[in-house]
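Below you'll find the structure, written out as structure tokens, and then a few comments.
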Amino acid sequence: MAKKAKPSVDKIVKKVNKEFDKTSSQIENLINDALKQFDSLQNQIQEPVRKLLKEVDELRDREMKRFNEEFERRLNEFHELQNSILERLGIASKEARKEIEKTADSASAKVSDATKPKPKATTKKPAAKPAAKKAPAKTVAKPKTTAKKAPVKKTAKPVNKNDLTRVKGIGPATAKKMQEAGINSIEQIATPSDADKEKLQAFSKMKGFATLSDEAKKVL
């Protein structure tokens, strides 16, 4: 019985090996097919990229060529314009030189005419003077009395008693603080009441506080 079992095991092993080889070959074929497809796909991708790069290079070359041609054309136009301006300026300077020469010639001619000696005048006997006429009596004009206009008195502008900055020593910031404290007019500083004195006492540390009342009276 053992001898009969041995051939069956060998058959099974052979069969398994055969199937394994078959499967391995199939897997290898699949791998080769996948590699081929990958290569073809890579070629399909690379070809458009190469084509695109080539088109970009061609476009860049065309644009650079067009730019160079346009630059040369503009440069030539600039040179032509520059030459025409220089030619016009040269013509203008020649015309101005001619005008200067003409004026110089005319001026020298006038000077030469002025320096020529004048002919001597013939001496004639003086004619007898007619009898002198009496001059008419001059009428003395009476001085006109001009009425003096009375000087117009200028009306003084009313003092804005609410503008605390008119008092010497009070600036805009201090005036604002005083208004917030209840001091709204210059009269409250010039002749302060007891309540106003208490309000002003908060500003005793400011410069010129001792003469603040006198300065306010000067404004009024």
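Odds and ends about this structure:
- Between Asp194 and Lys218, the simple spin-label model (points 7 angstrom out along Cα→Cβ) gives 3.1 nm.
- HN-Hα J in Hz across segment 208-220 - Karplus 6.51, -1.76, 1.60, θ = phi - 60°, x for Gly and Pro: x, 5, 5, 9, 5, 5, 5, 5, 5, 5, 5, 5, 6
- Theoretical gain in end-to-end length, Phe20 to Ile45 [0.36 nm per residue, Cα-Cα removed]: 5.3 nm
- Residue-by-residue Karplus 3J(HN,Hα) for segment 48-65, coefficients 6.51, -1.76, 1.60, Hz, glycine and proline x: x, 5, 4, 5, 5, 4, 5, 5, 5, 4, 5, 5, 4, 5, 5, 5, 5, 5
- Per-residue HN-Hα couplings for segment 189-197 [Karplus 6.51, -1.76, 1.60; θ = phi - 60°; Hz; x = Gly/Pro]: 8, 5, 10, x, 7, 4, 5, 5, 4
- The modelled label-to-label distance for the pair Ile27/Lys177, using points 7 Å beyond Cα in the direction of Cβ, is 9.6 nm.
- For Glu187, the shell of other residues with beta-carbons less than 11 Å away shows a net charge of +1, using +1 for Lys and Arg and -1 for Asp and Glu.
Every number in this text was worked out from the coordinates using simple rules, so none of it is lab data. Bear in mind the structure is a predicted one, so any value in this text is a computation, not a measurement. Heads up, the Cβs are rebuilt from the backbone with ideal geometry, glycines too, and the neighbour counts pull from every protein chain shown.
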